[in-house]
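Input: a single structure, listed below in structure tokens.
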């Protein structure tokens, strides 16, 4: 099942969400409004709003509060992407020029701040106070995860436990937030909120492991990025972490030295071959499948509805996608 099919149970609600999202980020300042319109044109797959709306539908039905929750999450996500592009000095985002490439870093940083403020005001103006606690926790975790990863990249010292902590904070926290906000928008049942938050966390872990796997098994034409991209940035991800811990010490030290040197001095093919021959690919696939299966179990008590089937399908999608 692809993303379009997964979104089918809430397809009719996506247009309403889009209107809330666009309205929520408008400004009376000409340049700010010009940049927000540019952001709207960069529309991605809307994975996060889809998760919010599917979770809301599962727990009681999509409503106006659900649209606001989905808009809040998308605004928050967009703000982090704008800031990330500045940090990474990225020239493009989703195939077109990034905000910082068009308007330079100062405007991009300020636009990220503007979006964060607009997201908070969207909740405050409608007394959606529970959303603020959920999203604030997510922002804190994402920031900590990013800094933690930078620290570990410098040290080149990472085990599986630390890796899972980092991707849990960087990636899974936001997917967990999506599902928890969706549940909170349509149900007061605390058990439902917890179950959906857990589903989002687990599916987020599976999503990121698959993403890291694609650096080793994906083709540039499929993933849009070259094999070994994270290696050149000295990021140790699960396939390499596992291989390093299971290969002979001498061989592991040689590979670590390559990664440490980075850039042109690193023979990416040697690293990829090392990971494959020492079980890193298969192990990472297995771990992604485990998290996907656990995510499905976390919503097993809900009634068998189209929205539940879509969430189950999403758990499968994240570990089979090729981009």
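The values are calculated or read from the model by the stated rules, or taken from the named source; none is laboratory data. All of these numbers come straight from a predicted model, not from anything done at the bench. Don't worry about glycine lacking a Cβ; one is built from the backbone with ideal geometry, like all the others, and counts go over all protein chains shown.
Output yes when any residue across the range 127-138 is crowded, with 20+ Cβ neighbours inside 10 Å, under 24 Å from residue 239 (Cα atoms) and either at pLDDT 95 or above or touching a helix residue (DSSP H, G or I) at 6+ places or on another chain (Cβ under 7 Å) (or both), and no when none is.
We begin by selecting, within the range 127-138, every residue crowded, with 20+ Cβ neighbours inside 10 Å; these are 131, 134-135, 138.
Among the residues that remain, those that are also under 24 Å from residue 239 (Cα atoms) are: none.
Among the residues of the range 127-138, not one is crowded, with 20+ Cβ neighbours inside 10 Å, under 24 Å from residue 239 (Cα atoms) and either at pLDDT 95 or above or touching a helix residue (DSSP H, G or I) at 6+ places or on another chain (Cβ under 7 Å) (or both), which makes the answer no.
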> In the range 102-126, what residues are under 11 Å from residue 75 (Cβ atoms) and at pLDDT 90 or above?
Replying inline: 114, 115, 116, 117, 118, 119, 120, 121, 122, 123
> Only one of 245, 284 is at pLDDT 75 or above, closer than 21 Å to residue 149 by Cβ, over 21 Å from the mean Cα position of the chain (by Cα) and in a helix (DSSP H, G or I); which?
Replying inline: 245
> What helices (runs of 4 or more DSSP H) lie completely within the range 111-186 and have 2 or more residues being without any contact (Cβ under 8 Å) to a residue 40 or more places away in the chain, over 20 Å from the mean Cα position of the chain (by Cα) and at positive phi?
Replying inline: none
> Which of the residues that make up the range 145-194 are within 27 Å of residue 129 (Cα to Cα) and surrounded by fewer than 16 Cβ atoms within 10 Å (Cβ to Cβ)?
Replying inline: 188, 189, 190, 191, 194
> Which one is farthest from residue 36 (Cα to Cα) among residues in the range 88-101 that are at pLDDT below 80 and surrounded by 14 or more Cβ atoms within 10 Å (Cβ to Cβ)?
Replying inline: 90
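Residues that are touching a strand residue (DSSP E or B) at 6+ places or on another chain (Cβ under 9 Å): find the helices (runs of 4 or more DSSP H) completely inside the range 6-83 holding 2 or more of those. Lay out the reasoning, then the answer.
Working: elements: 11-24, 30-41, 47-59.
By residue number, 30-41.
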> Only one residue in 182, 228 is under 24 Å from residue 318 (Cα atoms) and modelled with pLDDT under 90. Which one?
Replying inline: 228
>> Taking the criterion of being within 18 Å of residue 18 (Cβ to Cβ) and in a helix (DSSP H, G or I), would at least one residue in the range 99-109 satisfy it?
In response: no
>> Any residue at all in the range 215-224 that's within 15 Å of the chain's Cα centre (by Cα), modelled with pLDDT under 95, within 30 Å of residue 273 (Cβ to Cβ) and surrounded by fewer than 24 Cβ atoms within 10 Å (Cβ to Cβ)?
In response: no
> If a residue has to be part of a helix (DSSP H, G or I) and either free of Cβ contacts under 8 Å to residues at least 40 places away in the same chain or surrounded by fewer than 17 Cβ atoms within 10 Å (Cβ to Cβ) (or both) to count, how many in the range 271-281 make the cut?
Replying inline: 4
